[in-house]
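I have placed the structure first, in the form of structure tokens, so that the comments after it can refer back to it.
The values are calculated or read from the model by the stated rules, or taken from the named source; none is laboratory data. Predicted model only: the values in this text are computed from it and were never measured. FYI the Cβ positions are ideal-geometry reconstructions off the backbone, even for glycines, and counts take in every protein chain you see. Surface accessibility is based on the protein's heavy atoms, side chains included, excluding ligands, DNA and RNA. Shrake-Rupley method; radii C 1.70, N 1.55, O 1.52, S 1.80 Å.
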Amino acid sequence: MMEGRNMKATFKSRLLRFKQPAGTSRGVYTTHLSYYVELSEDGVKGIGECSVLPDLSCDAMPWPQYEEVLRKACAAVEADGKIPAEALRPYPSVLFGLETAFAQLRCGGSTALSDTPFARGEEGITINGLVWMGSFDEMMSRLEEKLQAGYHCVKLKIGAIDFDRELELVRHIRSRYSRSDVELRVDANGGFTPENAMQRLDALARYDIHSIEQPVRQHQWPVMARLCRESPVPVALDEELIGINDTETKKRLLDELHPSWLVLKPSLHGGAAGCREWVRLARERGIGSWMTSALESNIGLNAVAHLCAETYGPDISMPQGLGTGLLYENNIKMPLTIKGDKLWNLKNA
């Protein structure tokens with residue numbers, strides 16, 4: 001199977017438009033450009049999404065150069081019938097797109113990419129509600145929407161408005177909901193400085209915060225190691241993992257920094273294979289993890305969801321970051337739906 005003689009590989013782009021501006025400490029997104037690789041063999045098709053975040057992904061580059069990488073990858077797939085995995089190690093978004101497309105081919109063209117209770121529609125995956133940065137009133141309104149929708153885990157993007165106002169928002173949540181009612185995660189996207197990080201972590205710790213993602217910018221290992229060691233709020237690494245695709249460097253990072261959690265995005269962190277390796281190495285060191293999508297459309301979201309179901313097994317208790325299916329006004333239809341705080345696969349399509 002898949003010897004390449006009959007396989008065709010093509011790609012195309014799609015400009016996704018956000019329903020509402022999505023704010024992070026790195027700026028505000030209103031559109032997002034994604035590429036889609038399509039493989040076809042003997043009448044069966046597989047589609048995967050290549051999603052790059054400008055100024056963040058290790059394979060972010062001018063679009064003409066990115067398209068050239070895609071062209072070469074598609075040519076290699078047509079010639080060999082397999083993913084040029086080693087050549088694509090520096091391009092995790094392309095790797096994940098091809099991994100997804102091959103997974104769909106193996107499933108006979110079905111969008112159910114794993115043999116799991118989630119894929120069969122028997123079990124939903126618990127997800128967190130995501131509150132993007134904005135003004136205080138905007139964030140408060142978005143928070144109320146998530147809580148009313150039934151979310152029991154909420155993730156707040158912080159670092160854009162005045163920290164005291166963000167702390168007020170956290171204080172407001174805890175005045176109404178205890179930790180047993182609502183799990184609070186915060187994501188600073190590297191927005192704190194080495195000088196103010198510990199003071200801010202001490203302030204957040206009063207409100208039973210589950211974890212903080214990437215308190216300071218990446219590539220400051222001594223600073224991050226100290227925060228992981230001394231922070232009263234468990235530290236989760238996200239951006240810190242970007243561009244680290246070889247096993248030995250992964251081990252060194254985990255051993256030197258030893259965070260409480262990893263937040264894994266296949267498009268950023270080595271594709272499906274790279275994320276599985278991160279999970280394995282983290283487990284060996286007593287470090288937890290969860291997965292999130294990285295602003296993909298529903299094509300990529302579906303792939304991440306099935307990867308979660310496969311990697312973490314049935315009855316996933318840790319809320320995953322898979323609530324991005326409602327971001328875009330021109331999303332691609334997939335058999336996914338959110339009921340309460342769970343993502344469900346509706347059928348095998």
- Tally up the carbon and sulfur contribution to the accessible surface of the range 198-328 as a whole percent, 1.4 Å probe, everything protein left in place. 47
- Between the range 120-139 and the range 177-195, the alpha-carbon center distance in angstrom: 14
- Query: What base-10 log of the normalised intensity I(q)/I(0) is obtained for the range 78-128 from the Debye formula, alpha carbons as equal point scatterers, at q = 0.17, 0.25, 0.27 Å⁻¹?
  - Reply: -0.67, -0.96, -1.01
- Near residue 249, within a Cβ-to-Cβ distance under 13 Å, what is the net charge of the other residues, with Lys and Arg +1 and Asp and Glu -1? -2
- Task: Please report the relative contact order for the range 144-287, taking Cα pairs under 8 Å with a sequence separation of at least 6, and give it as a percent rounded to a whole number.
- Result: 18
- Pick out, in residue order, every one of the GluC sites (Glu not before Pro) in the range 48-90 that is DSSP loop and has at most 13 other C-beta atoms within 10 Å; say none if there are none. 86
- For the chain, what is the relative contact order in percent, using Cα pairs closer than 8 Å and at least 6 residues apart in sequence? 21
- Taking a cut-off of 30 Å between Cα atoms, list the lysines near residue 157, but don't count ones fewer than 8 places away on the same chain. 19, 146, 250, 251, 265, 333, 339, 342
- Item | Equivalent ellipsoid semi-axes, the chain, via Cα gyration tensor eigenvalues times 5, rooted, Å | 33, 22, 19
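First compute the accessible area of the range 107-186 with a 1.4 Å probe, then give the percent of it belonging to carbon and sulfur atoms.
Taking all protein chains in place, the range 107-186 shows 44 percent carbon and sulfur surface.
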- Message: Under the rule a/c < 1.5 gives rounded, and otherwise a/b versus b/c splits prolate from oblate, where does the range 173-212 land using the Cα gyration tensor?
- Response: prolate
- Query: Reachable lysines from residue 72, Cα under 17 Å, same-chain residues fewer than 8 places away excluded?
  - Reply: 8, 12, 82
- Message: Taking only Cα atoms of the range 60-164, what ratio of Rg to Rh do you get with Rh as the Kirkwood inverse-distance radius?
- Response: 1.14
- Message: Largest first and in whole Å, what are the equivalent-ellipsoid semi-axes of the range 249-349 based on the Cα gyration tensor, each being the root of 5 times an eigenvalue?
- Response: 27, 14, 11
- Query: Ignoring ligands, DNA and RNA, what accessible area per residue does the range 1-114 give at 1.4 Å, in Å²?
  - Reply: 47
- Which whole-number value in Å² is the accessible area per residue of the range 239-349, probe 1.4 Å? 35
